[in-house]
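Encoded as structure tokens, the structure appears first; notes follow it.
The values are calculated or read from the model by the stated rules, or taken from the named source; none is laboratory data. In this text, all values refer to a predicted model and were calculated from it rather than measured experimentally. Here Cβ is always computed from backbone atoms with ideal geometry, including for glycine, and neighbour counts include all displayed protein chains. Ligands, DNA and RNA are stripped out before the accessible areas are found, and what is left, the full protein with its side chains, is counted by its heavy atoms. Shrake-Rupley method; radii C 1.70, N 1.55, O 1.52, S 1.80 Å.
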Amino acid sequence: MVFHPIRRRDCVVAALIMLIAAVMRLSDLGRDVHFAYDQGSQSVQALDMLAGKGIPTIGPESSAGVHHSPWAVYLLAPPYAISDNPIVATWFNVFLNVIGVGLLWLIGHRYFSPLVGVMAGLAYALHPYAINYSRHIWVPTVASPFLIGGILLELIGFVEGKRWAQIACPPVLIIGMQTHHAGWLMAPAILWVLWLGRRNLTRRTLAAGTLGVAVAALLLLPYAIGLATQQTSEANNRLETMRAGIKYGVHLRHKTLVVFSRVATGQNVVDWSEVANPSAVYNQIPEPTRVWQALAGLMGIGFVAIWLKRAYRPYALLLAFWILVPLAFFLPDWTGVGIFPHHFIPIIAPLCLLCGIGIAWLASWLPNRALKGVLIAACGVAMLTWGAWYQALLNYVDDHYQANGYMTPVHYLLDVRDKIEPYRDVLIVGGNSNDSGQAVWKALLYRRTECVREVVATAGGILVLPDHPFAVISPPSAPSNPEAANQYAADPVQVPLRPGEGSYTIRKFDQPLAWNGAPIIPLAQPARFKNEITLTGYALTESRIVFEWTLPGPRPDLKLQRYSARLLNAAGDTLAQQDIDFWPGFYWCAGDRVYTWIDLTIPADVTTLRVSMYHMDDKGFHTSDIIDQNGGSIGSWLDIPFQTD
């Protein structure tokens, strides 16, 4: 095997390639990335860890129902230790991925040829999907640099016989493999490199490797503990779906091949960037389809060349396993989940490596330097169209709004954040749990507010009145809510977003607000339920029942709580009943007063209003009893004599 040395000029070339990669990923300084539920929940976990609330053993839950590794959270800790600005966290993510570009250049240069290294590095620096998945705070976007680095260390350690790399390789690989589930599909490629280096396996090598594996096991331990102790019912349901799919027949899905081809060519990033109307984008910035298909063709040529060129042949199975194993894994529908481009993030790097190999192999057949130079220059220009097109996309989404399309770029949300300060309590009215709800604003306001709540009700009505000065924010997509508008009456501050998207509305209150609806009748003895919700008063009119509640601090551990309002006659018969989901516990803040109401016609012969609370789970129905000061049960419901206004 030939290992190409690295000279000073090669370091300059590598630095230029990494600079190009950085510019492509940070031309807008990270201002145009979206910050939604996934980014917010992952950021909150990192911020909780930095605030001393414990080290998580699992990360965010995946679409497959299995939680991600906590390493996606751990890797957010360094930037969030510096700043609570998510753009800084984006910069850190970009930094890791730019390092990945340099590592891929090194693999191409050292184990194939300097030309392969340059062209593979440029391809990876400019590839639209590589850029797109380098710029987000998101679990799958940090895996690639560790996987590339792990493969490089494995080659240095076991093929070249360097013991320091043998020790470093397993820990780096295990971080990349566990960060996103698709990383585990690297196992065959990793085993093949060990086989390549089998002649260098000695007792000292095994000792060094064992030390590295021991460190890797420690790095995997938190995730193993998390999976063992916090498995979800959704994950179990997913396993049942997979078993049923295998039992009743597995089918191949052509969509996997479609997604794979798009990732290879760089096409259709818009379709996966949450743009509602892709055709509108393509009309403004059309893709040079033929050029990108030609680049994918070079990848195909590279795949042929690794088998034909003797110097490349030892690494042929490495690249084949690296690329084809994920393709084969996701081709059947047995997993029970859809197929998306982010499942193929780990294979973008080897595809770019194949592109560089294909260019070098074609160049080797040309008779003189002039023709070689023309070929290399033409391929470089073709790759530049990748990067230039993506920059045009960034500019487009920053000032073009489409309903249900690309989420609000984060720099607009930071403008809203600046207008909210200095209020310690924030209430979100009309937010969307995915892109404008508590997960987003809890992260953005983590170090600036005491509590962030989102008003969510599936039926009836709800009003939340914090016990401190507070700000109410509503995104432009918030539905009309006359009740909230009546209660939260104040001069609004409008913070504009993209043209046509509307504005965030902020209302500020320097004193706690009083309820201004139907007069509340206080209970002589407030009813404290086992779930720590306390019913303190009520109001009854001819067509509405209002309840006044006080809450403890946040209770994310509670199952979904429900309350039941039953109207009884003198004989104890139920004349009318409604069961309503209560406000979820992870939104609660200590001291909040919550008012809920049910609209219904009150029968004439009602004598009693009976109120109870409960929740349901896989094990059945669970009543939340009313308790005394010592925690003892004093009944399963509260009966209130009927009294209308």
Under a crude label model (7 Å from the Cα following the beta-carbon direction), how far is ALA370 from ALA294 in nanometres? 2.0
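By average Cβ neighbour count within 10 Å, what is the ranking of 152-162, 544-554 from highest down? Before the final figure, lay out each step's value.
Values: 152-162: 21.6, 544-554: 20.0.
The packing order, highest mean first, is 152-162, 544-554.
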To the nearest Å, what is the center-to-center distance of region 561-608 and region 15-81, using C-alpha atoms only? 42
Computing the accessible area with a 1.4 Å probe over protein heavy atoms, can you report the carbon and sulfur percentage for region 374-526? 53
Three principal axis lengths of region 467-509 [C-alpha, angstrom, descending]: 35, 19, 15
Give me the three principal axis extents of region 256-375 from the C-alpha atoms, as integers in angstrom, largest value leading. 49, 38, 15
If N is the residue count of region 498-645, its Cα Rg over 2.2 N^0.38 Å rounds to 1.18
Provide the net charge surrounding VAL426, with neighbours chosen by a C-beta distance below 15 Å and charges set as Lys +1, Arg +1, Asp -1, Glu -1. 0
Separation in nanometres of the label points that stand 7 Å from Cα toward Cβ, at ALA392 and GLU542: 6.6
If you take the Cα Rg of region 13-72 and divide it by 2.2 N^0.38 Å, with N the number of residues, what do you get? 1.53
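Can you tell me the FRET efficiency between GLU421 and ALA524 if r is taken as the Cβ-Cβ distance and R0 is 45 Å, rounded to the nearest 0.05?
Numbers: r = 42 Å, r/R0 = 0.93.
According to the calculation, E is roughly 0.60.
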At 4 °C and 1.567 mPa s, the Stokes-Einstein diffusion coefficient in µm²/s for the chain, with hydrodynamic radius from the Kirkwood sum on alpha carbon pairs, is 47
Please report the Cα spread of region 121-208 along all three principal axes, rounded to whole Å, starting with the longest. 44, 26, 21
At 7 Å along the Cα-to-beta-carbon direction for both ILE634 and ALA228, put a label point, then send me their distance in nm to one decimal. 4.4
Ranking request for peptides 67-76, 593-602, 164-173, 385-394: highest mean number of other beta-carbon atoms within 10 Å first, then the rest in descending order. 67-76, 164-173, 385-394, 593-602
Suppose all protein chains stay in the model; what accessible area per residue would a 1.4 Å probe give for region 117-159, in Å²? 10
Here D for region 351-427, in µm²/s, from Stokes-Einstein with a Kirkwood Rh over Cα pairs at 4 °C and 1.567 mPa s, works out to 76
Over region 307-379: Rg over Rh, Cα atoms, Kirkwood Rh: 1.13
Residue-wise, which Karplus ³J(HN,Hα) couplings in Hz belong to region 98-112, taking 6.51 cos²θ - 1.76 cosθ + 1.60, θ = phi - 60°, and x for glycine or proline? 5, 4, x, 4, x, 5, 5, 4, 5, 4, x, 5, 6, 9, 10
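Can you give the direction-averaged projected area of the convex hull of the alpha-carbon atoms in region 375-477, in nm²?
On the way: hull surface 37.6 nm².
Its Cα hull, projected and averaged over all orientations, spans 9.4 nm².
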Less than 11 Å Cβ to Cβ from ILE634, Lys/Arg counted +1 and Asp/Glu -1: what total charge do the surrounding residues give? 0
Intensity falloff of region 1-125 expressed as log10 I(q)/I(0), Debye formula with alpha-carbon point scatterers, at q = 0.09, 0.13, 0.15, 0.18 Å⁻¹: -0.36, -0.67, -0.80, -0.94
Put one equal scatterer on each alpha carbon of region 488-572, apply the Debye formula with no solvent term, and list log10 I(q)/I(0) at q = 0.21, 0.22, 0.26 1/Å to two decimals. -1.12, -1.15, -1.28
Roughly how many Å² of HIS34 are accessible to a 1.4 Å probe, to the nearest 10? 20
Could you check how much of the accessible area of region 596-644 is carbon and sulfur, as a whole percent, using a 1.4 Å probe? 49
Sorted by packing (mean other beta-carbon atoms within 10 Å per residue), highest first, where do 427-439, 505-517 land? 427-439, 505-517
